[in-house]
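Student: Dropping a structure here in structure tokens format, bear with me for questions.
No lab work stands behind these numbers, since they all come straight from the coordinates. Keep in mind that this is a model prediction, so the values were computed, not measured. Cβ placement follows ideal geometry from the backbone for every residue including glycine, while neighbour counts extend to all protein chains displayed.
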Amino acid sequence: MYLGNCIGEKNVGKFFLFLLSTLGLAVFVLVSTIIIFVQIINLESDWSYKHIISIVVIFYSGMSFLCTLVVSLMQVYFISKGITTNECMRNKYDSTIYGDSCPKNWKKSFNC
């Protein structure tokens, strides 16, 4: 996945918050759809188009959740190491520059 340089030092904190909100939305949709699917199964004994639509939405929201989770965990790693996504993908960073500790890297990412 090529990201170019859209996720740099100055906006990595905002991008990470965007990922967390997207992850929360994916969890909400997944749980809501599972609850609706269980209610449909309890109310209707025969399979109908509602069951199929629910299964498709469960699959889609589950895949969205997993993809967002993977990207979020990658960003946690990048922030902890003090590197940007672009630097990691191009493998062009000097390890001596990023010698800060993990808490300092997180503070720097969120401008604290």
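Student: Going by how many other Cβ atoms sit within 10 Å of their own, how do Ser64, Ser21 line up, fewest first?
Tutor: Taking fewest neighbouring Cβ atoms as first place, the list is Ser21, Ser64.
Student: Also, I was wondering about something else. Counting other C-beta atoms within 10 Å, which of Tyr77, Tyr49, Tyr60 has the fewest, and how do the rest follow? Spell out each step's value before the answer.
Tutor: Numbers: Tyr77 11, Tyr49 7, Tyr60 14.
In order of increasing Cβ crowding within 10 Å: Tyr49, Tyr77, Tyr60.
Student: Excluding residues fewer than 8 places away in the same chain, name every one of the lysines whose C-alpha is closer than 24 Å to that of Lys14.
Tutor: Lys14 reaches Lys81, Lys92, Lys104, Lys107, Lys108.
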